[in-house]
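Laboratory data are not the source of any read-out in this text; all were calculated from the coordinates shown. Here the structure is a predicted model, which is why all the values come from computation and not from measurement. All Cβ positions, glycine included, derive from the backbone under ideal geometry; neighbour counts span all protein chains shown.
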Amino acid sequence: MLDYVISKYNFWIYIVLMMIGLYAMIGKKNLIKKLIGMNIFQSAMILFYVSIGVKTGATVPILSGHSHGHGELIEVAKYLNPLPHVLMLTAIVVSIATTGVALATLILVYRRYNTLEEDEILKIRKDTGV
Amino acid sequence: MAEQLAALIIVVPLLASLLVPVIGWWQKKLCYPWVVAVLVVPLICSLGVLNTVMTTGKFSYRLGGWAPPWGIEYAIDHLNAFVLVIVAFISLMVAIYSKKSVEKELKKEKIASFYTLFLLLVTGLLGMVITGDAFNLFVFLEISSLSCYALIAIGEEGAPMAAFNYIIIGTIGACFYLLGVGYLYIATGSLNMADLASILPALYHSKVILVGFAFFTVGLVIKGGLFPLHTWLPDSYCTAPSAVSALIAPLMTKVAAYVMIRLMFTVFQPQFSVDMMPVMSILGWLAVFAIIFGGIKALAQTDIKRMLVYIVVAEVGYIVIGVSVANRMGLTGAILHIMNDAVMMACLFLVVGAIFYKTGTRDISEFRHLNKKMPFTMAAFTITALSMVGIPPACGFFSKWYLILGTIEAGQWVHAAALLCSSLINAVLFFRVIECAYLKPMEPANAHDAGGIHIVQRDEAPLTMLIPIIIMAILVIVLGIFSGNIISSIIQFAVPASF
Amino acid sequence: MDVVYSSRPLWAVLVSMIAAFLILATGEKNRNIRESWTIIAAFVKFFIVVSMVPLILQGKVIEYTLITFYPGLLLQFRIDAFGMLFGLIASSLWIATSFYSIGYVRKLNEHAQTRYFFAFAMCLASTIGIAFSANLLTFLVFYEMLTLATYPLVIHTESPEAIMGGRKYLAYTLTAGCVLLFATGMIFYMTGTLDFKAGGFIAGSGSSAVLIMLFAMLIFGFGVKAGIMPMHEWLPTAMVAPTPVSALLHAVAVVKAGVFGCLRVILYIFGPNLLHDLGIWLIMAYIVSFTVIVAGLLALGQDHLKRRLAFSTINNLAMIVLGAILLTKSSMTGAMIHMANHAFMKITLFFCAGALHAKVHKDYVSQLDGIGRQMPMTMGAFAIAAIGLSGIPPMNGFISKWFLCLGALEANQIIFLFVFFTSAMLDVAFLFPIIYNSFFKKPLDDVAPHFDEAPMLMVIPLSITALLSLVFGIAPDAFVHFFSLTTMAVQNIMGVG
């Protein structure tokens, strides 16, 4: 069992991170903490992708010039698949953009309610009847 | 030629959106005509694409000339050409409509950024529909979501809070989708939908695929706002500016529903989605609850926009029922309902926006004598309301009819009953509004003149608002009458052949 | 059977729909032009319908396909003898009602007249659509349209009772519509077709339990509009509507559409043979008989004239359905011909009630003492129609009763013979006192001692319908061949069955 856990440790790490993020998003009252939770969640996702692209002992998929067209076989096992990593570049951009938008809305929220605690905001909204 | 059109659908609004701030900086007034002019292009292109698909069958466009499965591919068949036209058309209509409502509801310096986001949102939606690449779909999903968050946040009191909640939940949904893509990639090494569809059948018993499928489904259920993961939807749609609600309420959930159909019946084969997983029956039951819950919550609202938002929740249930029964009739109904509901919802939200623009209220009980004040707007509302109730020959009747045939074929009696109940709930909801608008007597002070005819000044919405509303209302009837043609020329090819 | 393809059925429907929009466009300012649309449309429609009668009498069927939705699912018109019968009733009585309505709303200076005439015309378009429907889907489409078109008429006065009445009406009819939609879906799934066929088409497509359930659903769906107990509750409530509306509701459009639907279900979807085999006809007959008797008894207790007539309508409609469900040749003939006869008599009665309301503002039976001296034409017409309704020769009511009774005998069910007799007795009991009081009792103080009739636009239509009731009693095949159409329809059904 332990071997099983260890052999798939990258999955376990991402799941644990994801759960931490999920907990923060749902359980925390402070909106900034929720946002941090969201970031953890997204990072977990990115780590997951990065970890599935790992190949021990392999190198970046750049073919040296002389190996072209001389009948020499390219050993696929020697090279990484770069695609998951490249995808994560996009995902990181998306995650930053999301964080940006979220922070901007939080500024709006703070201007309106002077607080970032969810329960206080709900109370204010209830009192003002909105 | 048609391949180039497919690219233009995305490229034109994307590049144009970047130009909006520049134009806004130079001449604020030009933003609106620019956006309207730009949005005509995707509509024409998507009509051209639909035409090509109808005459020569499905085709694809390779982005940058890279051959799939390595390059990104825009794969166009009957299903997404059809949805493209809907998205392009409704966004054009809402853009035309937006002029006055934006001027009233937003600060002047925000107009340029509003239109930038508007175009980005449309780009994202069109991209989600047109793309044939699972990861590219995620990118477009996030483009549309991010611009949507921002658009919602500029709404009224309470909008930033609603937008923040939407960001949190929307991100979870998108991440789940991405996880699903990751798992499929682990198992297949491909991201291209057509490629996935050919590799996957051999792997149907792999646990990885099952987990990936589960993540996909949950992600899309969140994005589509299906009960019980709809909680972000009412607040955010309701507090957004009128023009924004009119764009996202008809389109966001529909596009998510399209992606659901695409994944379940194209990327995965129906025999996997239907026979090997209990997901269809789960979704079906969730949809039943969505319909009942949405209807009951809508009954409790006095704010008409909030009422409509809960109806959106219920309408998502309609489409999902059609998907979940997984037979030809049901899926025909679901695809038809994507179109019908988009048109009906757009019309209703546009009308509500127009009423809000003119009277400043959304409280149903204050709607008295709107029929005299805004006769055309209310006529459009009434037609659409009847369509929602399912009165023929309006289009709502026909999608309901196919959905019910689908449930009967599948032997899902409770689903059928939910659909029928929902018609009745809609009847109560909309007749309440109609009664208030048409029948409520005036206050005694200026109640009657000699002929017993009330004197109410006509005060109709401006033409830029009225024209899209009337076009939508006419479409509600026309699409109903020609639903047979639409089904026989488009939808029957969009339904998987194995049904 | 020969099929003639012609677009005339479509035009018959479209005429009043076009008129409706012309009415809306003309508006309140040009009353006379607006009203002339109604009149023109009424006549044009009638002539279109009548022009098709000879073809039908030759045993042909007129067909026109509007739209095909799906293989087997189409919007299609097909006029057979039975549909023709209903179409004729509706289109001919629309002329009378149009004139009468104009007189009525002008006399009372009603509000929202444009809406009123618009809804009226839409009602008629839907009714003709129902009459000419070739299949259940088309029927359903027009049936729902009728529900909607009638709603503005029911709530016309916009008083709280009217709005409540409207809500009740919608609640009943929309629920029924939902049930019908489901049943239609079931039938399409089971048989792959929805076309009405004389003698039924559904036999053998499902287990008897499913068929019985479907029958119950369909009869529930149509029975709501036909006022079969216990689904009749909306009908007396809807009496708050203006009188021409009640007349239209009762005699021409709505309830007749319900009865027409019931008959279509009984005779053209299920068919006599299947209903015999399933054995539900007898249960159904008992339920309907209950309605016949109880509605008659309830009518006795009503002081409000229109409510009394409403219960009389429920009673008569149930009688029509009872005739059909007895499943014999004579009873069907009686049922179908009674649709026409009842229409003419009941519309006369309602017209009279409306004339009383418009002229002397009397709505209650107890206020009518001696009114016959002031309004002899109105009350004379009332008397003729009342006599007819009780089934006394030489009125047309006698002919239908005769066939209905004959049918009960043919079916070997003496008990239903008594139902018909009792119903006739009850008709006498709740209608004749009105005649007696109005002519022979000492006039009340507020009755003018001299001739002082309602406006001619009201009196002439009601005299004509009364006269026609008499003519159809003496010559049932006069003018538009109601009787031949009926016998033809029955032959088609029995010939197959």
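Simple spin-label estimate for C:Val428 and B:Gln27 gives 9.1 nm between the two label positions (7 Å along the Cα-to-Cβ direction from each Cα). Computed from Cα atoms, the angle from the helix B:78-105 axis to the main principal axis of chain B rounds to 40 degrees. Here, the range C:241-300 is characterised by an Rg to Rh ratio of 1.10, where Rg is the alpha-carbon radius of gyration and Rh the Kirkwood radius. Would you mind checking the tilt of helix B:159-188 against the longest principal axis of the Cα atoms of chain B, expressed as 0 to 90 degrees and rounded to 10? Helix B:159-188 and the main axis of chain B meet at about 20 degrees.
Estimated from helical segments only, the mean residue ellipticity of chain A at 222 nm is -23000 deg cm²/dmol, where each DSSP H run of four or more residues counts as -39500 (n - 2.57). Using only the alpha-carbon atoms, how far is helix C:160-191 inclined from the longest principal axis of chain C? Give it as 0 to 90 degrees, nearest 10. Approximately 20 degrees, to the nearest ten.
Averaged over every viewing direction, what's the projected area of the C-alpha convex hull for the protein assembly as shown? Give it in nm², one decimal, please.
50.5 nm²
Peptides A:46-56, A:100-110, B:70-80, C:303-313: what's the order by average Cβ count within 10 Å, highest mean first? Provide the component values of the computation, followed by the final result.
Values: A:46-56: 16.1, A:100-110: 17.9, B:70-80: 21.1, C:303-313: 23.0.
So the order, starting with the most tightly packed, is C:303-313, B:70-80, A:100-110, A:46-56.
Scaling against 2.2 N^0.38 Å puts the C-alpha radius of gyration of the range C:3-496 at 0.91.
State the Kirkwood hydrodynamic radius of chain A in Å, one decimal place, computed from all pairs of distinct Cα atoms. Could the numbers behind the result be given before it?
Values: mean 1/r = 0.0547 Å⁻¹.
Every distinct Cα pair counted, the radius reaches 18.3 Å.
Using C-alpha pairs below 8 Å separated by at least 6 residues, the relative contact order for the range B:147-247 is 41 percent. Overall shape of chain B was characterised from the C-alpha gyration tensor. The equivalent ellipsoid obtained from it has semi-axes of 36, 27, 20 Å, in decreasing order. Each of C:Met494, C:Met145 has some number of other Cβ atoms within 10 Å of its Cβ, and from fewest to most they run C:Met494, C:Met145.
Got the relative contact order for the range C:3-496 handy, in percent, Cα pairs under 8 Å and 6 or more residues apart? Intermediate results must be reported in sequence, preceding the final value.
On the way: 901 pairs, mean separation 77.8, N = 494.
Worked out over the range C:3-496, it gives 16 percent.
Ignoring aspartates and glutamates fewer than eight residues from C:Lys359 along the same chain, the ones with Cα atoms less than 18 angstrom from its Cα are C:Glu110, C:Asp369, C:Asp445, C:Asp446, C:Asp452, C:Glu453. The simple Förster model, with R0 at 45 Å and r as the Cβ-Cβ distance, assigns B:Ile44 and A:Tyr110 a FRET efficiency of 0.50. FRET efficiency for the pair A:Leu122 and C:Glu161, taken as 1/(1 + (r/R0)^6) with r the Cβ-Cβ distance and R0 = 41 Å, rounds to 0.40. The relative contact order of the range B:286-422 comes to 31 percent, based on Cα pairs under 8 Å that sit 6 or more residues apart.
Mean per-residue shielding of peptide B:403-410 is 4, counting Cβ atoms of other chains within 10 Å of each Cβ.
Here A:Lys28 is the anchor, and the lysines within straight C-alpha reach of less than 21 Å, apart from those fewer than 8 places off in the same chain, are A:Lys123, A:Lys126. Dividing the helix sum by the residues of chain B, where each DSSP H run of 4 or more adds -39500 (n - 2.57), gives a mean residue ellipticity at 222 nm of -25000 deg cm²/dmol.
For C:Lys168, the aspartates and glutamates whose Cα comes closer than 12 Å to its Cα, not counting residues fewer than 8 places off in the same chain, are C:Glu233. Pairs over the 20 Å Cα-Cα cut-off, from the set C:Lys225/C:Lys306; B:Lys254/B:Lys305; C:Lys256/C:Lys401: not a single one.
Give me log10 I(q)/I(0) at q = 0.12, 0.18, 0.25, 0.27 Å⁻¹ for the range C:350-422, Debye formula, one equal scatterer per alpha-carbon, no solvent. The computed values of log10 I(q)/I(0) come out as -0.48, -0.74, -1.03, -1.13.
Shielding of peptide C:69-76 by partners, expressed as the average count of other chain Cβ atoms within 10 Å per residue Cβ, is 4. For the peptide B:172-181, the mean number of other protein chain Cβ atoms found within 10 angstrom of a residue's Cβ is 5.
Quick one: if the Förster radius is 35 Å, what FRET efficiency do C:Val471 and C:Asp446 give, using the C-beta to C-beta distance and rounding to 0.05?
Values: r = 35 Å, r/R0 = 1.01.
Step by step, r from the Cβ atoms, then E = 0.50.
A cut-off of 5 Å between modelled amide H atoms, ignoring neighbours fewer than 5 places along the same chain, links A:Tyr79 with A:Thr59.
Past 32 Å, Cα to Cα, is the threshold; run B:Lys107/B:Lys223; B:Lys108/B:Lys297; C:Lys107/C:Lys346; C:Lys45/C:Lys197; C:Lys107/C:Lys441 against it and keep the listed order.
Numbers: B:Lys107/B:Lys223 30 Å; B:Lys108/B:Lys297 36 Å; C:Lys107/C:Lys346 22 Å; C:Lys45/C:Lys197 26 Å; C:Lys107/C:Lys441 28 Å.
The answer is B:Lys108/B:Lys297.
Rounded to the nearest whole Hz, the Karplus-based 3J(HN,Hα) values (6.51 cos²θ - 1.76 cosθ + 1.60, θ = phi - 60°) of the range B:403-415 follow the sequence 4, 5, 4, x, 5, 5, 4, 7, x, 8, 5, 5, 4, with x at glycine and proline.
Span-like helices, chain A: DSSP H, alpha-carbon axial extent 30 Å or more, mean Kyte-Doolittle 0.0 or greater, which ones? If you can, show how the numbers build up before the last one.
Values: long enough: A:31-52 (32 Å, 1.42); A:83-113 (44 Å, 1.48).
Qualifying helices, which must be both long enough and hydrophobic enough, are A:31-52, A:83-113.
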